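Peer 1: For reference, the structure I am asking about is given below.
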Amino acid sequence: MPVIVTGIVFAMLPDADVIGFGFGVDYGDRWGHRGATHSLAFAAAAALAATALLRPERYGVAALFLFVSMASHGLLDMLTNGGLGVALFWPLETVRHFAPFTPIAVSPIGLSDFISARGIKVLYSEAIWIWIPLTLIAAAGFGIRKRTRLWFRQNGMER
Ligand SMILES: [Zn+2]
């Protein structure tokens, strides 16, 4: 359970980079919005660090789940129709990338914008189309895993 909660937090955590705006970091900077925190390398490092702290029963599955949770954020941002692209391959390169098609309305930046009606509407549409299905899939995956393990145990088969 702590792993799933961490995964949900991880899916949103990259956007904590907007606090950099308050310290004079530019959007296009390495540590600017959609910069380093949205990269695959950052997701991998964060997943490994969190797994080391959480010490889950199944280390590999947890690490992979957390990596996918965070990496999916950068990948989904690449599908948005505004702002700068994502520094997906930081630190190898700092180029910002977009996906070949960008069907998702971009979230407004900054806390005051987030609270605005438009911000709430965008977050709402993101919640419906992205986070709810992803969370259900992840939860279902863990549930099925647990049930199959139980079934194997009840039938005298240990995996
Ligand atoms: Zn983002």
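The values are calculated or read from the model by the stated rules, or taken from the named source; none is laboratory data. Remember, predicted model here, so these are calculated numbers, not experimental data. Ideal geometry is used to build each Cβ from the backbone, glycine not excepted, and the neighbour counts take in all protein chains shown.
Peer 1: Have a look at 60, 74, 20 and point out the one that is within 16 Å of the ligand (Cβ to nearest atom), at pLDDT 90 or above and at negative phi.
Peer 2: Values: 60 fails: within 16 Å of the ligand (Cβ to nearest atom); 20 fails: at pLDDT 90 or above.
None of the other options fit; the residue is 74.
Peer 1: Of everything in segment 30-73 that's touching a Pro at 6+ places or on another chain (Cβ under 6 Å) and closer than 14 Å to residue 5 by Cα, which residue is surrounded by the fewest Cβ atoms within 10 Å (Cβ to Cβ)?
Peer 2: 54
Peer 1: Just to verify a result, which residue in segment 77-89, among those that are touching a residue at least 40 places away in the same chain (Cβ under 8 Å) and not in a loop (DSSP other than H, G, I, E, B), is farthest from the ligand (Cβ to nearest atom)? Walk me through it before giving the result.
Peer 2: First pass over segment 77-89, keeping only residues touching a residue at least 40 places away in the same chain (Cβ under 8 Å): 77, 83-89.
Right, trim to not in a loop (DSSP other than H, G, I, E, B) and you get 77, 86.
Values: 77: 4, 86: 8 Å.
Filtering first and then ranking leaves 86.
Peer 1: Need at least 1 residues that are within 24 Å of the chain's Cα centre (by Cα), of a type in the set (S, T, N, Q) and modelled with pLDDT under 70 per element, so show me which helices (runs of 4 or more DSSP H) inside segment 109-159 make the cut, counting only ones lying wholly within it.
Peer 2: Values: elements: 111-115, 117-126, 132-154.
Result: 111-115, 117-126.
Peer 1: Enumerate the pairs (first residue in segment 28-39 and free of Cβ contacts under 8 Å to residues at least 60 places away in the same chain; second residue anywhere and away from the ligand (no atom under 12 Å from the Cβ) and not small (Gly, Ala, Ser)) with beta-carbon separation below 6 Å, excluding pairs fewer than 6 apart on the same chain, so at least 6 apart or on different chains.
Peer 2: Listed by first residue and then by second, the contacts come to 31/25; 32/25; 32/26; 36/30; 36/90; 39/90.
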